[in-house]
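Trainee: Before we start, here is the structure in question, set down as structure tokens.
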């Protein structure tokens, strides 16, 4: 089977590249073509159509996305161009070429007002431009494409790109450096927003496991699924876990999100319930604590 990976230079794209390399070493039957934004900008409708016609992939993994949540409030057109309009065309092309489309969405399609984790049956109500753009993509795919998997995930972290995990490590280094000159200021981390940290490597590995089933069976239970790390926690709790056993110790303090009001409104509780995914595919959701330990060991 031929697999086309779009957005290969992003955080999730790089995670998929790493997993695909491991599959190739195991003599996987996947023939893959990975394209970065510089190689193929998915907002270029002519180039996208030409690439699909030339390669004719059996599977399209779309990791291309506009992910700057706060900037999106001022750059709504750019955000929608990548996250919605381009995805609509991609879904149409996948339908034309009988390709399976794998799309990644977000917990930010929800308002975050529930006390319990969100299931796929709960009503969507995005609070910001980014969430609206990803929700629009979901609707477009379902309207025109018959073979699709939409995975809503959240709080992606990894050794690649820009994410909370790497930001915390950078700020910790700055704190330790400043402490050599004068008493360092503690790191302030929001403690009233809850979600599910998800290691990009785990997400990529699980999705590729499913695609190997697709390769063998020729079909899957298509639809929208929640696939995110467990358990749900606050940003502050996640930061504490990142710095656990750190020597020397990193000082962090919990604060209200009101102290860090960004341009985009964020949901208070966007935890995702992954029961549907587990019941359908018989695969347990990833555990973010285990991923953190692996990352720590890799950096020792």
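The values are calculated or read from the model by the stated rules, or taken from the named source; none is laboratory data. Please read all numbers here as calculations on a predicted model, not as lab measurements. So basically every Cβ, Gly included, is an ideal-geometry build from the backbone, and we count neighbours across all protein chains shown.
Residues checked against (1) at pLDDT below 95; (2) more than 17 Å from residue 104 (Cα to Cα):
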| position | (1), (2) |
| --- | --- |
| 7 | no, no |
| 22 | yes, yes |
| 32 | yes, yes |
| 47 | no, yes |
| 52 | no, yes |
| 60 | no, no |
| 64 | no, no |
| 76 | no, yes |
| 81 | no, no |
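Trainee: Sticking with this structure for a sec: Which of the residues belonging to the range 181-196 are in contact with a strand residue (DSSP E or B) (Cβ under 6 Å, 6 or more places away or on another chain) and farther than 22 Å from residue 288 by Cα?
Mentor: Within the range 181-196, 186 is the sole residue that qualifies.
Trainee: Between 127, 101, 93, which is on the phi < 0 side of the Ramachandran plot and surrounded by 23 or more Cβ atoms within 10 Å (Cβ to Cβ)?
Mentor: 101
Trainee: Moving on to the next point. Taking the range 41-54 on its own, how many of its residues are assigned to a helix (DSSP H, G or I) and surrounded by fewer than 17 Cβ atoms within 10 Å (Cβ to Cβ)?
Mentor: 7
Trainee: Right, here's the next one. Is it true that some residue in the range 63-74 is under 13 Å from residue 204 (Cα atoms), within 16 Å of the chain's Cα centre (by Cα) and either surrounded by 21 or more Cβ atoms within 10 Å (Cβ to Cβ) or free of Cβ contacts under 8 Å to residues at least 60 places away in the same chain (or both)?
Mentor: Looking through the range 63-74, at least one residue is under 13 Å from residue 204 (Cα atoms), within 16 Å of the chain's Cα centre (by Cα) and either surrounded by 21 or more Cβ atoms within 10 Å (Cβ to Cβ) or free of Cβ contacts under 8 Å to residues at least 60 places away in the same chain (or both).
Trainee: Another question, if that's okay. Got at least one residue in the range 148-166 being assigned to a helix (DSSP H, G or I), touching a strand residue (DSSP E or B) at 6+ places or on another chain (Cβ under 9 Å), touching a residue at least 12 places away in the same chain (Cβ under 8 Å) and farther than 22 Å from residue 4 by Cα?
Mentor: The answer is yes; a qualifying residue exists.
Trainee: Considering only the range 228-248, how many residues are at pLDDT 95 or above and assigned to a loop (DSSP other than H, G, I, E, B)?
Mentor: Residues meeting the conditions: 4.
Trainee: Condition test on residue 263, is it touching a residue at least 24 places away in the same chain (Cβ under 8 Å), loosely packed, with under 14 Cβ neighbours inside 10 Å and in contact with a helix residue (DSSP H, G or I) (Cβ under 6 Å, 6 or more places away or on another chain)?
Mentor: Here the answer is yes, as residue 263 does meet what is asked.
Trainee: On to the next question. So in the range 197-227, with the set limited to residues that are surrounded by 15 or more Cβ atoms within 10 Å (Cβ to Cβ) and more than 25 Å from residue 291 (Cα to Cα), which one is nearest to the chain's Cα centre (by Cα)?
Mentor: Restricting to residues being surrounded by 15 or more Cβ atoms within 10 Å (Cβ to Cβ) and more than 25 Å from residue 291 (Cα to Cα), the top hit is 222.
Trainee: Being touching a helix residue (DSSP H, G or I) at 6+ places or on another chain (Cβ under 7 Å), in a loop (DSSP other than H, G, I, E, B) and buried (at least 16 other Cβ atoms within 10 Å of the Cβ) is the filter here; which residues of the range 1-40 pass it?
Mentor: 1, 7, 8, 30, 40
Trainee: I'd like to know if the range 112-123 contains one or more residues that are in contact with a helix residue (DSSP H, G or I) (Cβ under 6 Å, 6 or more places away or on another chain) and under 24 Å from residue 231 (Cα atoms).
Mentor: Yes, that holds for at least one residue.
One line per residue, one yes/no per condition, for (1) within 18 Å of the chain's Cα centre (by Cα); (2) touching a residue at least 24 places away in the same chain (Cβ under 8 Å); (3) part of a helix (DSSP H, G or I):
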| residue | (1), (2), (3) |
| --- | --- |
| 83 | yes, yes, yes |
| 86 | yes, yes, yes |
| 93 | no, yes, yes |
| 103 | yes, yes, no |
| 113 | no, yes, no |
| 121 | no, no, no |
| 125 | no, no, no |
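Trainee: Further question: I'd like to verify a number: residues in the range 130-144 that are in contact with a strand residue (DSSP E or B) (Cβ under 9 Å, 6 or more places away or on another chain) and surrounded by 23 or more Cβ atoms within 10 Å (Cβ to Cβ), how many?
Mentor: Final tally of qualifying residues: 5.
Trainee: Which one of these is under 22 Å from residue 194 (Cα atoms) and at pLDDT 95 or above: 147, 134?
Mentor: So the residue among 147, 134 that is under 22 Å from residue 194 (Cα atoms) and at pLDDT 95 or above is 134.
Trainee: Let me ask you something else. Go through the range 84-100 and report how many residues are touching a strand residue (DSSP E or B) at 6+ places or on another chain (Cβ under 9 Å) and closer than 26 Å to residue 271 by Cβ.
Mentor: So the count comes out to 1.
Trainee: Then there's this: Any idea which of (1) in contact with a helix residue (DSSP H, G or I) (Cβ under 9 Å, 6 or more places away or on another chain); (2) assigned to a loop (DSSP other than H, G, I, E, B) is the one residue 209 doesn't satisfy?
Mentor: So the condition that residue 209 fails would be (2).
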